[in-house]
Amino acid sequence: MGRMIRWHEKQFIHFVTNRTEHAMFFLLPTQEINELILFWLAKAKENKGKNIQLYSFTFMSNHMHMLLQDPEGELADFMGYFEGNLAKAVNKIHQRKGKFWSREYDDVIVDGEEEFWDRYSYIAANPVAAGLVAKPNMWGGVCSVPFVNDNRPVVGKGLDVTGYNEARRHGRKADKKKFEETFTFSLSTPPMLQGLPENEQRNFLSTLIADAGRLARKKRGASSSLGMEKVLKQSSFDRPNSPAQGARFKIMSFCKARKKELEEMYRRFTGYYRACCQTLIEYFHNAPQLDGLDLDAYEKAYVEHMRKAPTIVWPPGCYVPTTHKPICELPLQMDL
């Protein structure tokens with residue numbers, strides 16, 4: 001199944017997921033990998049996602065989850081910058097080349113308060129549900145749990161590799177410390193808790209996280225946890241015996257009527273978007289053959305073709321092909 005068409009409205013909550021190629025443990029939570037994740041996450045937030053409201057995240061050995069809201073349409077740029085740079089950095093450590101992520105990230109639209117807390121709990125308890133640790137706060141990988149429990153910002157420290165390498169060109173010496181960077185951001189307060197005193201917010205979230213861990217442990221039954229010591233003895237090129245294979249979906253809503261309504265809206269949205277894409281494809285497919293023409297003939301043929309070009313009105317909430325910013329609120333007209 002190909003990538004699901006992205007549907008973006010500023011009020012949507014997104015549950016973002018991606019997995020490593022062949023579900024291999026490229027993100028095994030060593031100190032070096034953890035530092036790279038924090039650095040590129042914080043740097044991407046600073047450079048490409050200042051307005052993204054990041055509520056929760058976790059990085060497992062072979063996949064990651066985020067729960068966020070994107071009121072300014074920065075998600076594609078943010079994820080492209082973060083995933084691309086992290087992949088390069090981790091590949092370098094593992095001395096490998098090639099594809100790092102299994103595909104483009106998925107983003108599920110989370111509709112409703114109950115659904116929000118379900119995904120929030122799922123993210124926090126992911127290491128427990130996977131049988132790796134007994135409690136969410138025992139996971140040694142990068143996740144939002146300690147930043148919530150300790151009420152502290154997320155800090156990423158690393159090297160400006162581009163600047164450092166440029167300074168070292170032609171055999172010049174450079175002080176690596178001068179190219180160290182630090183980026184900081186704070187987790188956003190979930191919309192349902194805004195307005196409450198800070199201590200009440202923290203107590204609510206800490207209790208929710210602990211309860212999620214207990215529930216995940218209960219569902220797992222009598223089987224013991226692997227533990228971080230054994231987790232770290234795994235190879236980065238290992239993979240699960242039975243990789244997770246869940247059905248892909250776009251809408252998460254526990255209300256059947258609401259889910260059906262949103263799925264119908266999404267069906268109409270994708271139909272409209274595909275029709276626009278088909279118009280664009282046909283336009284380029286029918287372009288006149290311009291190779292071999294002299295300059296005057298080329299310009300005349302090009303102007304004539306452009307004069308007959310259709311106007312495409314893209315649906316709000318879509319990403320026009322080749323763009324990283326969604327159309328928000330009003331449809332976009334494109335005169336080709």
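The values are calculated or read from the model by the stated rules, or taken from the named source; none is laboratory data. Keep in mind that what you see is a predicted model, and the values were worked out from it rather than measured. So basically every Cβ, Gly included, is an ideal-geometry build from the backbone, and we count neighbours across all protein chains shown.
Table for the structure above
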quantity: Pairs where the first residue, in region 217-235, is in the same structural domain as Leu28 (by TED's automatic domain parsing) and more than 23 Å from Ala23 (Cα to Cα) and the second is among the small types (Gly, Ala, Ser) and outside any loop (DSSP other than H, G, I, E, B), C-beta under 8 Å, 6+ apart; calculated: Lys219/Ala129
quantity: So Ser144, is it more than 30 Å from Lys176 (Cα to Cα) and assigned by TED's automatic domain parsing to the domain that holds Met60; calculated: no
quantity: Unique residue being exposed (fewer than 11 other Cβ atoms within 10 Å of the Cβ) and within 27 Å of the chain's Cα centre (by Cα) when the list is Gln194, Gln201; calculated: Gln194
quantity: Where a residue in region 178-194 is in contact (Cβ under 8 Å) with a residue 24 or more places away in the chain and its partner, wherever it lies, is surrounded by 13 or more Cβ atoms within 10 Å (Cβ to Cβ) and of a type in the set (Ser, Thr, Tyr), with Cβ under 7 Å and at least six apart; calculated: Leu187/Tyr55; Leu187/Ser144; Ser188/Tyr55; Pro190/Tyr55
quantity: Residues within region 292-319 that are over 28 Å from Cys276 (Cβ atoms), among the charged types (D, E, K, R) and part of a loop (DSSP other than H, G, I, E, B), tallied; calculated: 1
quantity: Filtered residues of region 238-280 (kept if closer than 30 Å to His22 by Cβ, surrounded by fewer than 16 Cβ atoms within 10 Å (Cβ to Cβ) and hydrophobic (A, V, I, L, M, F, W, C)); calculated: Ala244, Ala247, Phe249
quantity: Looking only at region 42-79, and only at residues there that are in a helix (DSSP H, G or I) and touching a strand residue (DSSP E or B) at 6+ places or on another chain (Cβ under 6 Å), the one that is surrounded by the fewest Cβ atoms within 10 Å (Cβ to Cβ); calculated: Glu46
quantity: Selection status of Thr189, modelled with pLDDT of 95 or more, exposed (fewer than 13 other Cβ atoms within 10 Å of the Cβ) and either assigned by TED's automatic domain parsing to the domain that holds Leu28 or farther than 25 Å from Glu35 by Cβ (or both); calculated: no
quantity: Cross-chain or 6+ apart pairs with Cβ under 7 Å, region 2-27 first and over 30 Å from Lys233 (Cβ atoms), then assigned to a loop (DSSP other than H, G, I, E, B) and hydroxyl-bearing (Ser, Thr, Tyr); calculated: none
quantity: Test: residue in region 20-36 that is over 24 Å from Gly140 (Cβ atoms) and in the same structural domain as Phe179 (by TED's automatic domain parsing); calculated: no
quantity: Selection status of Ala87, buried (at least 17 other Cβ atoms within 10 Å of the Cβ) and farther than 28 Å from Tyr266 by Cβ; calculated: yes
quantity: Members of region 192-203 found to be in contact with a helix residue (DSSP H, G or I) (Cβ under 8 Å, 6 or more places away or on another chain) and either under 30 Å from Lys43 (Cβ atoms) or outside the structural domain of Tyr122 (by TED's automatic domain parsing) (or both), listed by number; calculated: Met192, Leu193, Gln201, Arg202
quantity: Top-ranked residue of region 171-186 - restricted to ones that are touching a helix residue (DSSP H, G or I) at 6+ places or on another chain (Cβ under 9 Å) and exposed (fewer than 10 other Cβ atoms within 10 Å of the Cβ), ranked as farthest from Val110 (Cα to Cα); calculated: Lys173
quantity: Qualifying residue in region 132-147 (condition: farther than 20 Å from Leu28 by Cα and surrounded by fewer than 17 Cβ atoms within 10 Å (Cβ to Cβ)); calculated: no
quantity: Restricting region 10-32 to residues that are in contact with a strand residue (DSSP E or B) (Cβ under 6 Å, 6 or more places away or on another chain) and part of a loop (DSSP other than H, G, I, E, B), the residue that is nearest to Gly158 (Cα to Cα); calculated: Leu27
